[in-house]
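A.B. asks: Please find one structure pasted underneath; my questions will follow.
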Amino acid sequence: MTSIKKFQVTFDCAEPERVARFWCEVLGYVVPPPPEGFASWDDFDRSLPPERQGASFACTDPSGEGPRLYFQRVPEGRVVKNRVHLDVRAGTGLVGEERLATLKAERDRLVALGAVCVQVLVADGFNESCIAMQDVEGNEFCLD
């Protein structure tokens, strides 16, 4: 029998701190404390060689239950649809109009943070409503 493993979700992006702070707001995550010996992440970043400054950032679930999110700078932009995406469970346990209203309220909150609404998928008798979104750098995710 295999044991359950912790995992990290890694995002390739152009601006790691910007994308990380967006996801902190989406999920209620926090930026972990800076490494020992540094008063802030800015102090730590300034200690790195110029080419490594701003190259990565991370955020964590304050409860310790969810995965760590890691954001790394890459030179290329995203050119195709993600093969994997996050479903942000904003409407768990809700159905019908109550679910759709909750999802739309969360959509509006995230759009104000820089997200883009791609498509509202209304319940069809088989699937419940969900909303396809993009984060501040165009990575797809769903409000579910």
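A.B. asks: Pairing the Cα long axis of helix 16-27 with the longest principal axis of the chain, what angle in degrees results, from 0 to 90 and rounded to the nearest 10?
C.D. replies: For helix 16-27, the angle is close to 40 degrees.
A.B. asks: Karplus couplings for the stretch 127-139 from phi (6.51 cos²θ - 1.76 cosθ + 1.60, θ = phi - 60°), rounded to Hz, Gly and Pro as x?
C.D. replies: Taking θ as phi minus 60°, the curve returns 10, 7, 5, 8, 10, 7, 9, 10, 7, 5, 10, x, 6 Hz for the stretch 127-139.
A.B. asks: To make sure I understand the rule: partners must be aspartates and glutamates, Cα under 20 Å from the Cα of K104, and not fewer than 8 residues away in the same chain. Which ones qualify?
C.D. replies: E25, D87, D124, E128, D135, E140, D144
A.B. asks: Using only helices, what value at 222 nm comes out for the chain when you add -39,500 (n - 2.57) per DSSP H run of length 4 or more and divide by the total residues, to the nearest 500 deg cm²/dmol?
C.D. replies: Helix contribution divided over all residues of the chain: -7500 deg cm²/dmol.
A.B. asks: Below 8 Å, C-alpha to C-alpha, sequence gap of six or more: please give me the relative contact order for the chain in percent.
C.D. replies: 24 percent.
A.B. asks: Oh, and also: Using Cα positions and a limit of under 13 Å, work out the aspartates and glutamates in reach of K5, with same-chain residues fewer than 8 apart set aside.
C.D. replies: Of all the aspartates and glutamates, those that pass the test against K5 - Cα under 13 Å, at least 8 places apart if same chain - are E65.
A.B. asks: By how many degrees, 0 to 90 and rounded to 10, does the Cα axis of helix 96-112 deviate from the longest principal axis of the chain?
C.D. replies: It is inclined by approximately 30 degrees.
A.B. asks: So what does E25 come to for accessible area, using a 1.4 Å probe and Å² rounded to 10?
C.D. replies: 100 Å²
A.B. asks: Only one of the values [x] 164; [y] 193; [z] 110 was calculated from this structure for volume of the Cα convex hull per residue in Å³; name its label.
C.D. replies: Recomputing volume of the Cα convex hull per residue in Å³ here picks out [x].
A.B. asks: Could you state the accessible area per residue of the stretch 41-144 in Å², with a 1.4 Å probe and every protein chain left in place?
C.D. replies: 61 Å²
The values are calculated or read from the model by the stated rules, or taken from the named source; none is laboratory data. All figures in this text were calculated on a predicted structure; none of them were measured in a lab. What goes into the accessible areas is simple: the full protein's heavy atoms, side chains included, and nothing from ligands, DNA or RNA. Shrake-Rupley method; radii C 1.70, N 1.55, O 1.52, S 1.80 Å.
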